[in-house]
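Written below as structure tokens is the structure these notes are about.
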Amino acid sequence: MPVRTGEFTGHCKCNQLCLGSSSNRRSAHHHIYNRGMMHEILAVGMLACNCSIFGDESNGEAIVVDPGDDAGKIQEILQKHNLTVKRIVLTHAHIDHIGGVAELVSKTGAPVYLNFDDLPILDQLDWQAGWLGVPAPKRFKIDAPLREGDIFRLGVTQFHVLHTPGHTPGSVSLWIPQEKKLISGDTLFRDSIGRTDLPGGDAQKILQSIRQKLLTLPADTIVMPGHGPGTTIGWEKQYNPFFRER
Ligand SMILES: [Zn+2]
């Protein structure tokens, strides 16, 4: 059956990452099924930010990471799986990662988490919107910080916060060891790294963050970046042109 862009494709039960396969690339979103932890990845908004929805099927609780836009589509997935959002987690404060937050908050009442080093960037939302030539999204408040070493839970699954500055001062990555997954925001991409030429960017810091905190994770960790296809830590250590050994 052909998959229309943006359409929910249902449980694939393949128990492995199906990102980047030719059949999935045509779809705007992917579904990863793993031991009762649902993980849907939805490419949202004009810049196709990868929004992750994690849902624990034992307790019906969910975490939404980077609802950059399309809050209605995110809501549809939550309703389809009968999930209650417990946290909205932002890898950083760029507009393409946060555009859907206000609407999702109004629908779910869930608290919003951001590293406080990105608060100045959040304050520049109007500038960011002007830079992209889009209307500024509705403002929202940050309820709690994301700090290095913080751990939060969804059922029995732990989400570890890694502060990985460089793309922005408050960029974080989320490491989920039990799932062997990393949500890398705009810090690490397949065969690339995040840009550092926007306000608050720092080229030395992003290299240091990735070397010290991400490439030290197990090689079989699946990496889901903020845009584009997934990868693994092992792949990036070997092939990423910014890090590979020559
Ligand atoms: Zn960004």
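Structure summary
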{"read-out": "Cβ crowding within 10 Å averaged over residues, with 202-210, 111-119 ranked highest first", "value": "111-119, 202-210"}
{"read-out": "Binned Cα-Cα distances of region 182-246, short to long, each 10 Å bin given as a whole percent", "value": "23, 60, 16, 1"}
{"read-out": "Share of alpha-carbon pairs per 5 Å distance bin for region 22-239, given as whole %", "value": "1, 7, 16, 21, 22, 17, 10, 4, 0"}
{"read-out": "Low-density loop cleavage sites - GluC sites (Glu not before Pro) in region 175-246, where at most 12 other Cβ are within 10 Å (DSSP)", "value": "245"}
{"read-out": "Surface/4 estimate of mean projected area, convex hull on alpha-carbon atoms of region 120-213, nm²", "value": "7.4 nm²"}
{"read-out": "Beta bridge orientation in region 22-239: antiparallel %, DSSP, nearest 5", "value": "75 percent"}
{"read-out": "Residue order, fewest to most beta carbons within 10 Å, for 143, 96", "value": "143, 96"}
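The numbers here are math on the coordinates, done by the rules we state, and not lab data. Bear in mind the structure is a predicted one, so any value in this text is a computation, not a measurement. Positions of Cβ are generated from backbone atoms using ideal geometry, with glycine treated the same way; all protein chains shown enter the neighbour counts.
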